[in-house]
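Encoded as structure tokens, the structure appears first; notes follow it.
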Amino acid sequence: MKIIMLGAPGAGKGTQAKKIAERYNIPHVSTGDIFRANIKQGTPLGKQAKEYIDAGALVPDELTIGLLLDRIGQEDCKDGYILDGFPRTLTQAEKLTEALADSGNVDLVLDIEVQDDVIIARMGGRRVCPSCGASYHIVNIPTKVPGVCDVCGAAVIQRPDDAPETVKKRLDVYHEQTQPLIDYYKGLGLLFETDGTRAMDEVFSDIVWQIDKVSSEA
Ligand code: AMP
């Protein structure tokens, strides 16, 4: 099963993608995570990507597309994967469709819909663990001990690109460059839209229902 998660930054793509990866035993491929790992390791790609990420802009397609295609060409992706944060531009989507021409396009595109004002409120409270990558929210998913990661005990932080001004910029970028993908995938008959303002488990049940439906029809 090859699945794409679409949705604005902060819509809950990462959280849902991790749960899907676990349930269906497929790799969770997040371009944002790959960039952040490169930034942490100080690689040349990380240095280039950081500039764009900190400004709330997209990393250019030339850096992103090859990286993603390499990743999904690896052995662990041969039976499927869930893409979280890719594609984000029409060019990325078209290149992915082209690359999958022989093996078959993605099976399902899940779009998690959340309005901008809800996103802004959510992202102000998002905290992440810089050490193990666990994700929290100060109100909705708090750490057991305030400020301390439940998984590894490191101090949790706000991602620099979750600062309010950067969030607004990321939402503008989303509406301009990523939202057109909804129509692109609708046109291909692959889109499933779900209301992401509901409780996390409700959204997950809805998604599982859709994945099971698509896989039973395959
Ligand atoms: P995310 O963790 O998915 O919110 O991604 C964090 C940041 O990484 C984004 O705001 C972009 O700057 C960059 N990024 C992640 N995925 C992509 C992509 N597919 N294309 C361009 N930039 C990306």
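Laid out as a table, the results:
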quantity: Computed lengthening from residue 144 to residue 33, 0.36 nm per intervening residue step minus Cα-Cα distance; calculated: 37.5 nm
quantity: Theoretical gain in end-to-end length, residue 100 to residue 155 [0.36 nm per residue, Cα-Cα removed]; calculated: 15.7 nm
quantity: Most mobile listed residue (92, 74, 177) in the chain, GNM with C-alpha springs under 10 Å; calculated: 74
quantity: Computed [θ] at 222 nm, helices only, for the chain once each DSSP H run of length n ≥ 4 contributes -39500 (n - 2.57); calculated: -14500 deg cm²/dmol
quantity: Compactness of the range 64-151 as Cα Rg over 2.2 N^0.38 Å, two decimals; calculated: 1.43
quantity: Shape metrics for the chain, restricted to C-alpha atoms - Rg then Dmax, Å; calculated: 16.7, 50
quantity: Neighbour-count ranking [beta-carbon atoms within 10 angstrom, fewest first] of 82, 138; calculated: 138, 82
quantity: For the chain, share of DSSP beta bridges that run antiparallel, in % to the nearest 5; calculated: 30
quantity: Rg ratio (alpha-carbon, reference 2.2 N^0.38 Å) - the range 178-218; calculated: 1.31
quantity: Sparse-neighbourhood loop sites, trypsin sites (Lys or Arg not before Pro) in the range 109-196 - DSSP loop, at most 12 other Cβ within 10 angstrom; calculated: 144
quantity: Footprinting exposure proxy for 120, 112 (fewest neighbouring C-beta atoms within 10 Å first); calculated: 120, 112
quantity: Sequence-separation-based contact order of the range 1-111, relative, with Cα cut under 8 Å and 6+ spacing, percent; calculated: 47
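Computed from the coordinates by the stated procedures, all read-outs in this text should not be read as laboratory data. Because the structure is a prediction, the values reported are computed rather than measured. Note that we place each Cβ from the backbone using ideal geometry, even for glycine, and neighbour counts take in every protein chain shown.
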